[in-house]
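The values are calculated or read from the model by the stated rules, or taken from the named source; none is laboratory data. Fair warning: this is a prediction, and the values are worked out from it, not measured in the lab. Neighbour counts run over all protein chains shown; Cβ positions are idealised from the backbone, glycine included. In case anyone asks, the SASA skips ligands and DNA or RNA and just uses the protein heavy atoms, side chains included. Shrake-Rupley method; radii C 1.70, N 1.55, O 1.52, S 1.80 Å.
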Amino acid sequence: VTVTGLRSPSGYDTSATRHDAASGDPDYNGTCTTCTNLALTAFHTNAGQAHEMTTTGEAVLSGSSPGSIDSWSAADTWCSVYADMELAVIAVPERPATPQRPRQPPRRACTTPGCATHGADEHENWPLEPNTVYLRAEDRRTIVGKTNALALFDTLVEGLPGGLTYWTGLNSDWTSGDQSNNCIGWESSNNQHFGRIGSGGTTSVSTTFAGGRSGCGEGHELLCVK
């Protein structure tokens, strides 16, 4: 594997064209073991762009108390503080305005299974990018997977490391879980309520992003991207 054509486009730290010397495939789909210049924040492939993905490394509780999440902006803050990432991959319903806080719009991928009805127009504040390779931030070269044109994963290459569990609030078809699957809008830390979680150590998309449910009093990490 060779890396050529380094440049610095607006919005990214660096860019590179990746090329599989053996097959000539610009969409090389595996772990880059001989690249010496991939310890970078982001790069582009011929067919798209790549970003990093990791978890916070710190367990987060649902709920509105300090040290918990109750909005996607709070989840993003956790990603910034604990993972040096920018955005949390988590579905969060709209939060109505109250005298104490402003309205916050939802974060969602799809309103219909796989965004089949209106495509990317169903996104709102969705953190993943279309046609983008995501790398494990731990080594910046192991490929988690590449999103499709709708900014969703159809398949994974290596996936995320094993032993990880993290809140997602997602159903396996990329729609958002209802209140029985998002800890009552991420406001409950009661184990009588439940939230959807994902797990690492697999190349199954459904397991990675919507593999289980957990009581809301349990601590799980957040999945973050840059």
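Summary table below
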read-out: Inter-label distance, nm, simple model (7 Å from Cα along the C-beta direction), Glu124/Glu158; value: 3.6 nm
read-out: Per-pair calculated FRET efficiency, R0 = 25 Å: Ser204 and Thr112 via Cβ, rounded to 0.05; value: 0.70
read-out: Cβ crowding within 10 Å averaged over residues, with 92-99, 161-168, 68-75 ranked highest first; value: 68-75, 161-168, 92-99
read-out: Extension gain from Glu138 to Arg213, taking 0.36 nm per residue of separation minus the Cα-Cα distance; value: 24.4 nm
read-out: For peptides 102-108, 128-134, 181-187, 85-91, sequence by mean Cβ density within 10 Å, most packed first; value: 85-91, 181-187, 128-134, 102-108
read-out: By average C-beta atoms within 10 angstrom, highest first, the peptides 169-175, 200-206, 210-216; value: 169-175, 210-216, 200-206
read-out: Within-14-Å neighbourhood charge of Ala151 [Cβ basis; K, R +1; D, E -1]; value: -2
read-out: Heavy atoms of Val81 accessible to a 1.4 Å probe, total area in Å² rounded to 10; value: 100 Å²
read-out: Average silhouette area of segment 89-226, convex hull of alpha-carbon atoms, in square nanometres; value: 8.5 nm²
